[in-house]
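What follows is calculated from the coordinates using simple rules that are stated; it is not laboratory data. Predicted, not measured: the structure shown is a model, and the values here were computed from it. With ideal geometry, Cβ positions are generated from the backbone for all residues, glycine too; neighbour counts draw on all protein chains shown.
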Amino acid sequence: MIVLEAQKTVAARVHIDGVGLHTGKPVRVTLLPAPSDHGIVFRRSDVTDRDNLIPARFDQVQDTQLCTVLVNGAGVSVRTVEHLMAAFAGLHIDNVVVDVDGPELPILDGSAEPFVRMIESVATVGQRPPRRAIKILKRIEARVDDKLAALEPDDGFAIDFEIDFESRAIDRRVGSYEITPESFGDLLSGARTFGFRHEVEFLRSRGLALGGSLDNAVVVDGDAIMNPEGLRFDDEFVRHKALDALGDLYLAGAPIIGRFIGYKSGHALNNRLLHMLFADRSAWTYVAAVEDVPAQSGAAWAEAGVAAAER
Ligand SMILES: [Zn+2]
């Protein structure tokens, strides 16, 4: 049975502690329920002398060299938001205040899985009015050098990604993922950040990646993987790039109905693609998001959603 999909928020306040990848400092992230049509908004609770609210939107993105950084008009920023954004995208969370007591989200295990577990530990509630989505109407593409990021019309949401690295540990890999709340956990959420040993050493020399370790990233040295436990997936690297793209695209402010195609793409190109999409009003339209639910549970779902929205 096809029904309009409810907006969702977290059912209760929940938090997770970790360290920032670049600062190496402890940081706590607390999710708070938010009303419908609120969107996802970061709040730097350690900043009290200026506007500390930072909407999770593509046009707030500034630096995308190493991670995705959001900045508000008062110059207050929060970095490394992409894995939490991917968890929100994957689980269809629309409205939440993300309290962060420092400049950077915790890296945790380098994947989105700890964020997914945090959200699932409190469950979600449906809200009215229904969710709206951005339907892609024509192909939009961003290119730089040999890298490509594109969006095409599609019935659902899918990511096609290809990477091509000289290191034989990473290699050329192609992945194609149909993303739903059911498939996200198995396909992408556990894929970890990766980097090269020489890059990590260079970043450290500049005072970055101070929290980085083999506990929160896959580190590649030449053709070898340094992590003693090896990989979680045979093609973990391309899955992580798809996870990053999922998080970056959710900065559109609504879920996308379309197919993302990435070739060696990264945070900067993913962000440029969103700017190009929104600059072309004929390339997309808002539609009501729908979901396919078992006929039996449909009525119960609708009642639960309405009840939650009216609380
Ligand atoms: Zn990442």
Taking the simple approach of a point 7 Å from Cα along Cα-to-Cβ for both Arg197 and Ser176, what is their distance in nm?
-> 3.7 nm
Set of segment 252-268 residues, backbone N closer than 19 Å to the point 7 Å along the Cα-Cβ line of Asp164 | 261-267
How many percent of DSSP beta bridges within the chain run antiparallel, rounded to 5?
-> 75 percent
Counting pairs of alpha carbon atoms under 8 Å apart in space and at least six apart in sequence, what relative contact order in percent does the chain give?
-> 27 percent
How much length is gained on full extension from Ser121 to Ser282, taking 0.36 nm per residue of separation minus their Cα-Cα distance?
-> 53.9 nm
Where nothing but the Cβ of Lys and Arg (+1) and of Asp and Glu (-1) is charged, how large is the charge dipole of segment 98-164 around its Cα centre, in debye to the nearest 20?
-> 640 debye
Charge-dipole axis of segment 2-310 as Lys and Arg at +1 and Asp and Glu at -1 on Cβ define it, positive-most pick from Tyr286, Leu91, Ala242 | Tyr286
Pop the C-beta distance of Ala11 and Asp51 into the FRET formula with R0 = 25 Å and round what comes out to the nearest 0.05.
-> 0.30
Long-range amide H partners of Ala6, meaning residues 5 or more apart or on another chain whose placed amide H is closer than 5 Å, are Arg131
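Fully extended, how many nm does the chain gain between Gln62 and Ser213 (0.36 nm per residue separation, minus their Cα-Cα distance)?
Roughly 51.8 nm would be gained on extension.
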Just for segment 122-270, what percent of DSSP beta bridges are antiparallel, to the closest 5?
-> 65 percent
Pick out which of Gly90, Gly190, Gly207 has the largest mean-square fluctuation in a Gaussian network model of the chain, springs linking Cα atoms closer than 10 Å.
-> Gly207
Charge dipole magnitude, Cβ of K and R +1, D and E -1 - segment 2-310, Cα centre, debye nearest 20 | 720 debye
Can you figure out the FRET efficiency of Asp221 with Ser183, using R₀ = 30 Å and their beta-carbon distance, to the nearest 0.05?
-> 0.40
With a point put 7 Å past each Cα toward its Cβ, work out how far Arg206 is from Leu231 in nm, to one decimal.
-> 2.7 nm
Computed helical MRE - 222 nm, the chain, DSSP H runs ≥ 4 contributing -39500 (n - 2.57), nearest 500 = -7500 deg cm²/dmol
